[in-house]
Amino acid sequence: MSMQMDEKQATPLIQLIDIKKIYQMGDTEVRANDGINLEIYEGEFVAIVGKSGSGKSTIMNIIGALDIPTSGQYILKGQDVSKMKGDALAEVRNRMIGFIFQQYNLLSKQNLLENVELPLLYAGVGKKQRRTQAMEALKLVGLEDKWRNYPNQLSGGQQQRGAVARALAGNPSLILADEPTGALDSKTSGDLLEFLKKLNEQGNTIVLITHDRNVAEQARRVVGLHDGKIIFDQSVEEYRKQVVV
């Protein structure tokens with residue numbers, strides 16, 4: 001194996017270096033993230049797990065380029081995102097990150113294809129290419145025959161798969177899923193998690209944010225947060241052995 005290949009494999013997709021996010025609430029200083037160091041490599045499937053108030057939503061916003069840290073560095077695919085603002089952050093989000101949220105956030109007055117095209121529209125992709133990529137993404141999630149349907153004509157599971165297609169349409173470096181099963185019944189949740197595993201097997205890098213142990217156990221690696229700090233970082237096999245008190 002060449003030195004170039006070794007170097008490529010040794011470079012993380014995501015590097016969080018001493019990340020701190022501090023809020024002032026009256027006289028109280030809240031350290032939502034308090035010195036987080038984390039590396040995630042291409043092709044990993046990582047769950048970040050923690051209870052409400054643990055700091056997982058804050059770190060999700062930073063990884064997703066929705067917010068920047070108070071201090072520390074966030075390097076995404078070799079690019080320092082931690083000091084970016086406005087349009088530069090938006091460009092990183094549109095070009096490199098596919099989001100799957102708990103709420104599907106599909107626009108009711110646009111059909112499924114138009115919803116899936118949205119990130120590509122924001123990224124400046126031409127109409128013909130946009131349509132091609134959006135249809136390919138819908139095929140991946142088994143919804144190519146529903147492209148004309150509006151969100152209210154789709155089941156909850158179909159809407160969530162539509163949201164996954166929207167996340168995939170731009171061929172992102174990272175798929176970031178924030179509590180993606182929170183609004184789904186158990187069968188649809190299981191289907192979605194199986195689909196995420198399949199995407200990971202195909203080489204997609206997935207970071208999953210959750211408070212649910214059963215959901216976290218579907219990943220390959222689990223990072224635990226408490227009071228803004230990482231309290232463990234282990235394989236899913238090790239995580240499953242933990243005694244829950």
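The values are calculated or read from the model by the stated rules, or taken from the named source; none is laboratory data. Please read all numbers here as calculations on a predicted model, not as lab measurements. Reconstructed Cβ throughout: ideal geometry from the backbone, glycine too, with neighbour counts over all protein chains shown. When the accessible area is computed, the model is the full protein with side chains, heavy atoms only, and any ligands, DNA or RNA have been set aside. Shrake-Rupley method; radii C 1.70, N 1.55, O 1.52, S 1.80 Å.
Give me the pairs, please: first residue somewhere in the range 57-78 and in contact (Cβ under 8 Å) with a residue 12 or more places away in the chain, second residue anywhere and among the small types (Gly, Ala, Ser) and assigned to a loop (DSSP other than H, G, I, E, B), beta-carbon distance under 7 Å, and either six or more positions apart or on two chains.
ILE68/SER82; PRO69/SER82; GLY72/SER82; GLN73/SER82; TYR74/SER82; LYS77/SER173
Here's the yes/no breakdown for (1) over 25 Å from LEU66 (Cα atoms); (2) touching a residue at least 40 places away in the same chain (Cβ under 8 Å); (3) of a type in the set (Gly, Ala, Ser):
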site: ASP185; (1), (2), (3): yes, no, no
site: LEU193; (1), (2), (3): no, no, no
site: VAL207; (1), (2), (3): no, yes, no
site: HIS211; (1), (2), (3): no, yes, no
site: ALA216; (1), (2), (3): no, yes, yes
site: VAL222; (1), (2), (3): no, yes, no
site: ASP233; (1), (2), (3): no, yes, no
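How many of the residues in the range 145-165 are closer than 21 Å to GLU201 by Cβ and open to solvent by less than 70 Å² (accessible area, probe 1.4 Å)?
Of the residues in that region, 5 qualify.
Considering each of ARG213, ARG240 in turn, give the residue that is within 22 Å of ILE59 (Cβ to Cβ), open to solvent by 40 Å² or more (accessible area, probe 1.4 Å) and modelled with pLDDT under 95.
When all the criteria are applied, what remains is ARG213.
Quick check, is GLU136 over 30 Å from GLN15 (Cα atoms), without any contact (Cβ under 8 Å) to a residue 60 or more places away in the chain and touching a helix residue (DSSP H, G or I) at 6+ places or on another chain (Cβ under 6 Å)?
Considered against the rule, which asks whether it is over 30 Å from GLN15 (Cα atoms), without any contact (Cβ under 8 Å) to a residue 60 or more places away in the chain and touching a helix residue (DSSP H, G or I) at 6+ places or on another chain (Cβ under 6 Å), GLU136 comes out as no.
Quick one: what pairs do we get from the range 20-39, first residue open to solvent by 30 Å² or more (accessible area, probe 1.4 Å), second polar (S, T, N, Q), C-beta under 6 Å, 6+ apart or different chains?
Partner pairs satisfying both residue conditions: LYS20/ASN33; LYS20/THR70; LYS20/SER71; ILE22/THR70; GLU39/GLN15.
Filter the range 139-178 down to residues that are free of Cβ contacts under 8 Å to residues at least 40 places away in the same chain, among the polar types (S, T, N, Q) and closer than 28 Å to ILE62 by Cβ, then give me how many there are.
So the count comes out to 1.
Count, please, the residues in the range 91-124 that happen to be farther than 16 Å from ALA163 by Cβ, modelled with pLDDT of 90 or more and open to solvent by less than 70 Å² (accessible area, probe 1.4 Å).
2
Just checking: which of the strands (runs of 3 or more DSSP E) contained wholly in the range 1-105 hold 2 or more residues that are more than 30 Å from LEU121 (Cβ to Cβ)?
14-25, 28-40, 45-49, 71-76
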